[in-house]
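Single-structure report; data block below.
The values are calculated or read from the model by the stated rules, or taken from the named source; none is laboratory data. These numbers were taken from a predicted model, which means no experiment stands behind them. Cβ placement follows ideal geometry from the backbone for every residue including glycine, while neighbour counts extend to all protein chains displayed. Each accessible area value is taken on the protein alone, full model and side chains, heavy atoms only, with ligands, DNA and RNA left out. Shrake-Rupley method; radii C 1.70, N 1.55, O 1.52, S 1.80 Å.
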Amino acid sequence: MRRLFCVVAMAVLSASGLASAAEEVAPISGTCGSYRCACCTCSAPWYATADAFLLTRDDDARNTAVVLDSDTRQTLMSTGGLDFDWEAGPRLMLGYHLNACSSLEIGYLGLHDWHADSMVVGQDRLSIPGDLGLASLDLNRADVMWLNYGSEWHHVELNYIRRTDYLAWLVGFRYVNLDEQLTIRGLDFDSGQSDYRTTTSNHLYGCQIGGIWQGRRGRLGLDLTGKVGLYGNAAEQHNIVGDLNNTLMLRNANADNGQTACVAELGLFGTLQLNRCLLFRAGYELIWLEGLALAPDQLDFTDTASSGTTIDTTGSVFFHGARIGLEARW
(Lines give C-alpha, C1' and ligand atoms only; values in the text may rest on other atoms or scores of the structure.)
Protein backbone atom coordinates (compact mmCIF):
# COMPACT_ATOMS: atom_id res chain seq x y z
CA MET A 1 0.00 0.00 0.00
CA ARG A 2 2.87 2.40 0.73
CA ARG A 3 4.17 2.16 -2.86
CA LEU A 4 0.76 2.07 -4.52
CA PHE A 5 0.11 5.80 -4.45
CA CYS A 6 3.51 6.58 -6.00
CA VAL A 7 2.76 4.07 -8.77
CA VAL A 8 -0.69 5.58 -9.42
CA ALA A 9 0.79 9.09 -9.63
CA MET A 10 3.41 7.88 -12.09
CA ALA A 11 0.69 6.33 -14.25
CA VAL A 12 -0.76 9.81 -14.88
CA LEU A 13 2.39 10.64 -16.82
CA SER A 14 1.35 8.19 -19.57
CA ALA A 15 -2.17 9.62 -19.94
CA SER A 16 -1.62 11.42 -23.29
CA GLY A 17 -4.19 9.20 -24.99
CA LEU A 18 -7.01 10.61 -22.84
CA ALA A 19 -7.30 13.95 -24.69
CA SER A 20 -10.42 13.60 -26.81
CA ALA A 21 -13.01 16.02 -25.49
CA ALA A 22 -11.87 19.64 -25.99
CA GLU A 23 -12.77 20.91 -29.44
CA GLU A 24 -14.41 24.29 -28.91
CA VAL A 25 -11.56 26.56 -27.74
CA ALA A 26 -9.40 28.43 -30.20
CA PRO A 27 -5.72 27.37 -30.36
CA ILE A 28 -3.07 29.33 -28.54
CA SER A 29 -0.84 31.54 -30.66
CA GLY A 30 2.37 29.82 -31.68
CA THR A 31 3.19 26.31 -32.84
CA CYS A 32 2.48 23.58 -30.30
CA GLY A 33 0.77 21.09 -32.54
CA SER A 34 -2.92 20.95 -31.65
CA TYR A 35 -2.44 22.25 -28.11
CA ARG A 36 -5.36 24.27 -26.77
CA CYS A 37 -5.90 25.81 -23.36
CA ALA A 38 -8.29 27.84 -21.26
CA CYS A 39 -6.19 31.01 -21.61
CA CYS A 40 -6.25 31.10 -25.40
CA THR A 41 -8.56 34.12 -25.49
CA CYS A 42 -6.31 35.96 -23.04
CA SER A 43 -2.91 36.65 -24.60
CA ALA A 44 -0.99 37.41 -21.37
CA PRO A 45 2.40 36.06 -20.31
CA TRP A 46 1.77 35.90 -16.55
CA TYR A 47 -0.66 33.64 -14.74
CA ALA A 48 -1.35 32.75 -11.11
CA THR A 49 -3.59 30.55 -8.99
CA ALA A 50 -4.76 31.19 -5.45
CA ASP A 51 -6.46 28.19 -3.84
CA ALA A 52 -7.75 27.41 -0.38
CA PHE A 53 -7.63 23.75 0.60
CA LEU A 54 -9.13 21.70 3.41
CA LEU A 55 -7.01 18.65 4.24
CA THR A 56 -7.01 15.76 6.63
CA ARG A 57 -4.17 13.30 7.22
CA ASP A 58 -3.65 9.62 7.87
CA ASP A 59 -0.39 8.60 9.54
CA ASP A 60 1.55 5.39 9.20
CA ALA A 61 3.17 5.92 12.60
CA ARG A 62 3.22 2.99 14.98
CA ASN A 63 0.37 2.67 17.47
CA THR A 64 2.42 3.05 20.65
CA ALA A 65 0.98 2.79 24.16
CA VAL A 66 1.85 5.96 26.11
CA VAL A 67 -0.26 5.77 29.29
CA LEU A 68 -0.87 2.61 31.34
CA ASP A 69 -2.90 1.80 34.41
CA SER A 70 -0.20 1.56 37.07
CA ASP A 71 -1.91 -1.40 38.77
CA THR A 72 -3.34 -3.49 35.91
CA ARG A 73 -0.83 -2.38 33.20
CA GLN A 74 -3.77 -1.92 30.85
CA THR A 75 -3.26 0.61 28.02
CA LEU A 76 -5.35 3.73 28.68
CA MET A 77 -3.99 5.99 25.93
CA SER A 78 -1.99 5.36 22.76
CA THR A 79 -0.74 7.35 19.78
CA GLY A 80 -3.17 5.48 17.53
CA GLY A 81 -6.05 7.23 19.27
CA LEU A 82 -4.99 10.65 18.00
CA ASP A 83 -7.02 11.97 15.05
CA PHE A 84 -6.20 15.18 13.19
CA ASP A 85 -9.15 17.39 12.30
CA TRP A 86 -9.61 18.89 8.85
CA GLU A 87 -7.33 21.90 8.49
CA ALA A 88 -7.42 24.81 6.02
CA GLY A 89 -4.42 26.38 4.30
CA PRO A 90 -3.31 28.24 1.15
CA ARG A 91 -1.85 26.94 -2.10
CA LEU A 92 -0.35 29.65 -4.32
CA MET A 93 1.30 29.48 -7.73
CA LEU A 94 2.86 32.07 -10.07
CA GLY A 95 3.75 31.24 -13.66
CA TYR A 96 5.30 32.91 -16.71
CA HIS A 97 4.95 31.80 -20.34
CA LEU A 98 8.40 31.63 -21.94
CA ASN A 99 6.70 31.03 -25.29
CA ALA A 100 3.54 29.40 -26.66
CA CYS A 101 4.71 25.93 -25.63
CA SER A 102 6.58 26.32 -22.31
CA SER A 103 6.47 28.15 -19.00
CA LEU A 104 8.04 28.40 -15.56
CA GLU A 105 6.04 28.05 -12.34
CA ILE A 106 6.80 28.57 -8.66
CA GLY A 107 4.36 27.35 -6.03
CA TYR A 108 3.81 27.20 -2.27
CA LEU A 109 1.64 24.99 -0.06
CA GLY A 110 1.53 25.20 3.73
CA LEU A 111 -0.22 24.23 6.94
CA HIS A 112 1.02 26.13 9.98
CA ASP A 113 -0.81 24.77 13.01
CA TRP A 114 -2.19 21.22 13.05
CA HIS A 115 -2.96 19.53 16.39
CA ALA A 116 -4.50 16.38 17.83
CA ASP A 117 -5.13 15.97 21.57
CA SER A 118 -6.19 13.36 24.11
CA MET A 119 -6.55 13.25 27.91
CA VAL A 120 -7.08 10.60 30.58
CA VAL A 121 -7.86 10.98 34.30
CA GLY A 122 -7.11 8.43 37.02
CA GLN A 123 -6.21 9.18 40.61
CA ASP A 124 -2.66 8.01 41.38
CA ARG A 125 -2.76 5.27 38.73
CA LEU A 126 -1.44 6.74 35.44
CA SER A 127 2.08 5.92 34.26
CA ILE A 128 4.12 5.97 31.09
CA PRO A 129 5.45 2.51 30.13
CA GLY A 130 8.82 0.89 30.74
CA ASP A 131 11.74 1.70 33.00
CA LEU A 132 11.39 5.39 32.14
CA GLY A 133 8.05 5.47 33.93
CA LEU A 134 9.55 3.83 37.01
CA ALA A 135 12.37 6.42 37.07
CA SER A 136 9.95 9.37 37.08
CA LEU A 137 7.79 10.95 39.79
CA ASP A 138 5.45 13.20 37.77
CA LEU A 139 4.99 10.59 34.98
CA ASN A 140 4.47 7.66 37.35
CA ARG A 141 1.22 7.16 39.30
CA ALA A 142 0.01 10.54 38.08
CA ASP A 143 -3.53 11.87 38.42
CA VAL A 144 -4.01 13.38 34.94
CA MET A 145 -2.16 12.83 31.66
CA TRP A 146 -2.42 14.67 28.36
CA LEU A 147 -1.16 13.73 24.90
CA ASN A 148 -0.64 16.46 22.29
CA TYR A 149 0.58 15.95 18.72
CA GLY A 150 1.45 19.03 16.66
CA SER A 151 2.59 19.32 13.05
CA GLU A 152 3.67 22.06 10.63
CA TRP A 153 4.08 21.41 6.90
CA HIS A 154 5.45 23.49 3.99
CA HIS A 155 6.11 22.83 0.28
CA VAL A 156 7.95 25.05 -2.22
CA GLU A 157 8.39 23.92 -5.83
CA LEU A 158 9.82 25.30 -9.06
CA ASN A 159 8.77 23.62 -12.31
CA TYR A 160 9.42 23.88 -16.04
CA ILE A 161 6.26 23.08 -18.05
CA ARG A 162 6.30 21.88 -21.67
CA ARG A 163 3.00 21.54 -23.53
CA THR A 164 2.28 19.11 -26.37
CA ASP A 165 -1.26 18.56 -27.63
CA TYR A 166 -3.54 18.27 -24.60
CA LEU A 167 -0.85 17.02 -22.22
CA ALA A 168 1.64 19.21 -20.39
CA TRP A 169 4.84 17.64 -19.01
CA LEU A 170 6.76 19.10 -16.10
CA VAL A 171 10.13 18.66 -14.45
CA GLY A 172 11.21 20.59 -11.40
CA PHE A 173 12.64 20.92 -7.92
CA ARG A 174 10.65 20.64 -4.69
CA TYR A 175 11.51 21.35 -1.05
CA VAL A 176 9.31 19.91 1.69
CA ASN A 177 9.55 20.72 5.40
CA LEU A 178 7.61 18.74 8.02
CA ASP A 179 8.16 19.64 11.70
CA GLU A 180 6.41 17.70 14.46
CA GLN A 181 6.14 17.60 18.25
CA LEU A 182 4.60 14.99 20.52
CA THR A 183 4.17 15.80 24.23
CA ILE A 184 3.11 13.47 27.03
CA ARG A 185 2.27 15.64 30.07
CA GLY A 186 1.72 14.14 33.48
CA LEU A 187 0.23 15.89 36.49
CA ASP A 188 0.78 14.37 39.93
CA PHE A 189 -0.93 16.41 42.65
CA ASP A 190 1.78 15.31 45.09
CA SER A 191 4.96 16.02 43.08
CA GLY A 192 4.14 18.30 40.13
CA GLN A 193 3.65 18.47 36.37
CA SER A 194 6.31 17.37 33.85
CA ASP A 195 6.66 16.45 30.16
CA TYR A 196 8.12 13.80 27.90
CA ARG A 197 8.57 15.55 24.53
CA THR A 198 9.82 14.31 21.15
CA THR A 199 10.37 16.75 18.29
CA THR A 200 11.29 15.95 14.70
CA SER A 201 12.31 17.98 11.68
CA ASN A 202 12.27 16.70 8.08
CA HIS A 203 13.91 18.62 5.23
CA LEU A 204 13.24 16.98 1.85
CA TYR A 205 15.11 18.16 -1.25
CA GLY A 206 14.70 16.59 -4.66
CA CYS A 207 13.54 16.58 -8.27
CA GLN A 208 10.10 15.66 -9.52
CA ILE A 209 8.44 14.87 -12.84
CA GLY A 210 4.77 15.08 -13.68
CA GLY A 211 2.02 15.43 -16.20
CA ILE A 212 -1.08 17.61 -16.56
CA TRP A 213 -3.95 16.59 -18.82
CA GLN A 214 -6.48 19.29 -19.67
CA GLY A 215 -9.83 18.79 -21.38
CA ARG A 216 -12.00 21.74 -22.37
CA ARG A 217 -15.52 22.10 -23.76
CA GLY A 218 -16.78 25.64 -23.96
CA ARG A 219 -16.36 27.33 -20.57
CA LEU A 220 -16.02 24.04 -18.68
CA GLY A 221 -12.79 22.12 -18.19
CA LEU A 222 -11.28 19.14 -16.43
CA ASP A 223 -7.64 18.93 -15.23
CA LEU A 224 -5.86 15.77 -14.10
CA THR A 225 -2.46 16.35 -12.47
CA GLY A 226 0.16 13.87 -11.26
CA LYS A 227 3.63 14.43 -9.79
CA VAL A 228 6.18 12.06 -8.28
CA GLY A 229 9.78 12.44 -7.13
CA LEU A 230 12.61 10.98 -5.08
CA TYR A 231 14.09 13.13 -2.34
CA GLY A 232 16.87 13.24 0.18
CA ASN A 233 15.56 13.81 3.69
CA ALA A 234 17.84 15.47 6.24
CA ALA A 235 15.94 14.32 9.36
CA GLU A 236 16.61 14.97 13.02
CA GLN A 237 14.90 14.29 16.32
CA HIS A 238 15.16 15.53 19.92
CA ASN A 239 14.12 13.52 23.01
CA ILE A 240 13.52 15.41 26.29
CA VAL A 241 12.15 14.02 29.58
CA GLY A 242 11.61 16.27 32.59
CA ASP A 243 10.59 15.60 36.18
CA LEU A 244 9.73 17.53 39.36
CA ASN A 245 7.87 20.29 37.48
CA ASN A 246 10.41 19.97 34.64
CA THR A 247 13.17 21.23 36.95
CA LEU A 248 15.03 17.89 36.74
CA MET A 249 16.18 16.66 33.32
CA LEU A 250 15.96 12.86 33.08
CA ARG A 251 16.88 12.84 29.38
CA ASN A 252 18.14 15.32 26.79
CA ALA A 253 19.16 13.38 23.67
CA ASN A 254 19.07 13.89 19.91
CA ALA A 255 19.90 12.12 16.66
CA ASP A 256 19.96 12.84 12.92
CA ASN A 257 20.11 10.82 9.73
CA GLY A 258 19.92 11.07 5.94
CA GLN A 259 17.07 9.12 4.34
CA THR A 260 15.68 8.58 0.85
CA ALA A 261 12.08 9.81 0.67
CA CYS A 262 9.24 9.79 -1.85
CA VAL A 263 6.60 12.44 -2.51
CA ALA A 264 3.68 11.74 -4.85
CA GLU A 265 0.71 13.92 -5.69
CA LEU A 266 -2.52 13.34 -7.63
CA GLY A 267 -5.31 15.85 -8.25
CA LEU A 268 -8.53 16.09 -10.23
CA PHE A 269 -10.06 19.54 -10.79
CA GLY A 270 -12.97 21.05 -12.63
CA THR A 271 -12.75 24.58 -14.05
CA LEU A 272 -15.20 27.24 -15.16
CA GLN A 273 -14.01 30.12 -17.36
CA LEU A 274 -15.57 33.26 -15.83
CA ASN A 275 -14.21 35.70 -18.42
CA ARG A 276 -11.33 35.97 -20.87
CA CYS A 277 -8.64 35.86 -18.19
CA LEU A 278 -10.23 34.43 -15.04
CA LEU A 279 -11.09 30.82 -14.15
CA PHE A 280 -12.80 29.23 -11.16
CA ARG A 281 -11.23 25.94 -9.96
CA ALA A 282 -12.46 23.22 -7.59
CA GLY A 283 -11.34 19.66 -7.01
CA TYR A 284 -9.77 17.01 -4.80
CA GLU A 285 -6.10 16.32 -4.11
CA LEU A 286 -4.07 13.46 -2.62
CA ILE A 287 -0.45 13.76 -1.41
CA TRP A 288 1.73 10.93 -0.09
CA LEU A 289 5.04 11.41 1.75
CA GLU A 290 7.22 8.47 2.71
CA GLY A 291 10.61 8.18 4.45
CA LEU A 292 9.84 10.56 7.33
CA ALA A 293 10.82 10.93 10.97
CA LEU A 294 7.44 11.23 12.71
CA ALA A 295 7.35 12.39 16.33
CA PRO A 296 5.42 9.37 17.74
CA ASP A 297 7.96 6.96 16.22
CA GLN A 298 10.75 8.47 18.35
CA LEU A 299 9.25 7.50 21.72
CA ASP A 300 11.68 5.42 23.81
CA PHE A 301 10.52 4.24 27.22
CA THR A 302 13.78 2.57 28.18
CA ASP A 303 16.07 4.19 30.75
CA THR A 304 19.68 3.65 29.68
CA ALA A 305 22.59 5.84 28.65
CA SER A 306 21.68 5.35 24.98
CA SER A 307 17.93 5.92 25.31
CA GLY A 308 16.59 8.49 22.84
CA THR A 309 19.78 8.58 20.77
CA THR A 310 18.43 6.87 17.63
CA ILE A 311 16.08 8.13 14.93
CA ASP A 312 13.33 6.29 13.06
CA THR A 313 12.82 7.54 9.48
CA THR A 314 10.39 4.89 8.20
CA GLY A 315 7.18 6.89 8.71
CA SER A 316 4.76 8.01 6.02
CA VAL A 317 1.84 10.46 5.87
CA PHE A 318 -1.14 10.57 3.50
CA PHE A 319 -2.84 13.96 3.02
CA HIS A 320 -6.09 14.37 1.10
CA GLY A 321 -8.79 16.97 0.76
CA ALA A 322 -10.65 19.54 -1.33
CA ARG A 323 -9.29 22.63 -3.11
CA ILE A 324 -11.14 25.67 -4.37
CA GLY A 325 -9.79 28.87 -5.91
CA LEU A 326 -9.21 31.13 -8.89
CA GLU A 327 -6.74 31.28 -11.77
CA ALA A 328 -5.95 34.68 -13.31
CA ARG A 329 -3.85 35.78 -16.31
CA TRP A 330 -2.44 39.20 -17.12
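In this structure the stretch 165-296 gives 39 Å² per residue of accessible area when probed at 1.4 Å with all protein chains present. Here, the chain has an Rg and a Dmax of 24.4, 79 Å when only alpha carbons are counted.
What does the highest-first list of 183-191, 71-79 look like by mean Cβ count within 10 Å?
183-191, 71-79
Rank Phe301, Phe269 by accessible area, highest first, at a 1.4 Å probe radius?
Descending accessible area places them as Phe301, Phe269.
Remark on the stretch 67-114: hydrodynamic radius 15.6 angstrom, per the Kirkwood mean of 1/r across alpha carbon pairs. Once the Cβ-Cβ distance of Arg217 and Asp256 is raised to the sixth power relative to R0 = 51 Å, the FRET efficiency obtained is 0.45.
Dividing the helix sum by the residues of the chain, where each DSSP H run of 4 or more adds -39500 (n - 2.57), gives a mean residue ellipticity at 222 nm of -1000 deg cm²/dmol. With the biggest extent put first, the Cα atoms of the stretch 177-330 measure 71, 36, 24 Å across the principal axes. Here the label points at Leu248 and His154, each 7 Å from Cα along the C-beta direction, are separated by 3.9 nm in the simple model. For Cys101, the solvent-accessible surface computed with a 1.4 Å probe is close to 10 Å², ligands and nucleic acids excluded. Could you look at the chain and say what percent of its accessible area is carbon and sulfur, using a 1.4 Å probe and all protein chains? C and S fraction of accessible area: 58 percent. Sparse packing (at most 13 other Cβ atoms within 10 Å of the Cβ) combined with a DSSP loop state is found for the following chymotrypsin sites (Phe, Trp or Tyr not before Pro) in the stretch 62-165: Trp86.
Per-residue 3J(HN,Hα) values for the stretch 111-121, derived from phi via the Karplus relation 6.51 cos²θ - 1.76 cosθ + 1.60 with θ = phi - 60°, read 10, 9, 8, 10, 9, 9, 9, 8, 8, 9, 10 Hz in sequence order (x marks Gly and Pro). In the chain the longest region clear of GluC sites (Glu not before Pro) that are loop-assigned by DSSP and have at most 11 other C-beta atoms within 10 Å covers 25-330.
Considering only Leu294, Leu158, Leu220, the Gaussian network model of the chain with Cα springs below 10 Å gives its largest mean-square fluctuation to Leu220.
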